[in-house]
1. For Arg71, indicate whether it is open to solvent by 30 Å² or more (accessible area, probe 1.4 Å), more than 16 Å from Leu127 (Cα to Cα) and not in a strand (DSSP E or B).
2. Anything in segment 130-140 that is at negative phi and either open to solvent by less than 50 Å² (accessible area, probe 1.4 Å) or part of a helix (DSSP H, G or I) (or both)? List them, or say none.
3. From the set of residues in segment 1-19 that are aliphatic (A, V, I, L, M) and in a strand (DSSP E or B), which is surrounded by the fewest Cβ atoms within 10 Å (Cβ to Cβ)?
4. When residues of segment 20-57 are filtered for being open to solvent by 50 Å² or more (accessible area, probe 1.4 Å) and assigned to a strand (DSSP E or B), how many remain?
5. What number goes with the only condition from (1) open to solvent by 50 Å² or more (accessible area, probe 1.4 Å); (2) over 14 Å from the mean Cα position of the chain (by Cα); (3) modelled with pLDDT under 95 that Pro62 does not pass?
6. I'd like to verify a number: residues in segment 105-126 that are surrounded by fewer than 19 Cβ atoms within 10 Å (Cβ to Cβ) and part of a loop (DSSP other than H, G, I, E, B), how many?
Amino acid sequence: YELNLPTFDFRLKKENSVVFIFAVIRKKFVKLTPEEWVRRHLVEYLVGHCSAPLHSIVEEYPVEINSMPQRADVVVLNAEARPLLLAECKSTEVNFERREVLSEVFQQATRYNAVVKARYLLITNGLKHFCYEATDEGYRALTAFPRLG
């Protein structure tokens, strides 16, 4: 899939016609889904272009909402190991041009962030990226990805 992120070289393997991609942070091959393709690119972008140290990134970050276990796609921790950025990745098929879809994903991310309390919030489908900064008044849209290192 063509994304609005730089291309990266990934380790891929195929088993029984299923393609897997190596997740550096999780140190294992995971099934390559459209959402996983976006997540792999985002992690590489956060490290290479936003200065996020690789060791500060957590994938599938546990979040409990109303006693129900959930998982945030990507969380970047600061030097004190506190969440700095929470990212929610969707596949390119999730159409952010539709306001109700974008609103639904934003609400999901803000629900997670009510628990995680990261300074920055990012939602992406690999084609469109929306970055926000949490303020006392709510979320302020940013014009670029934040520096994380």
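The values are calculated or read from the model by the stated rules, or taken from the named source; none is laboratory data. Keep in mind that this is a model prediction, so the values were computed, not measured. Counting neighbours? That spans all protein chains shown, and the Cβs are built from the backbone with ideal geometry, glycine included. Note: areas computed on protein heavy atoms with side chains; ligands, DNA, RNA excluded. Shrake-Rupley method; radii C 1.70, N 1.55, O 1.52, S 1.80 Å.
1. Considered against the rule, which asks whether it is open to solvent by 30 Å² or more (accessible area, probe 1.4 Å), more than 16 Å from Leu127 (Cα to Cα) and not in a strand (DSSP E or B), Arg71 comes out as no.
2. Selection gives Cys131, Tyr132, Glu133, Ala134.
3. Val18
4. Going through segment 20-57 one residue at a time, the tally reaches 3.
5. (2)
6. Matching residues across segment 105-126 total 2.
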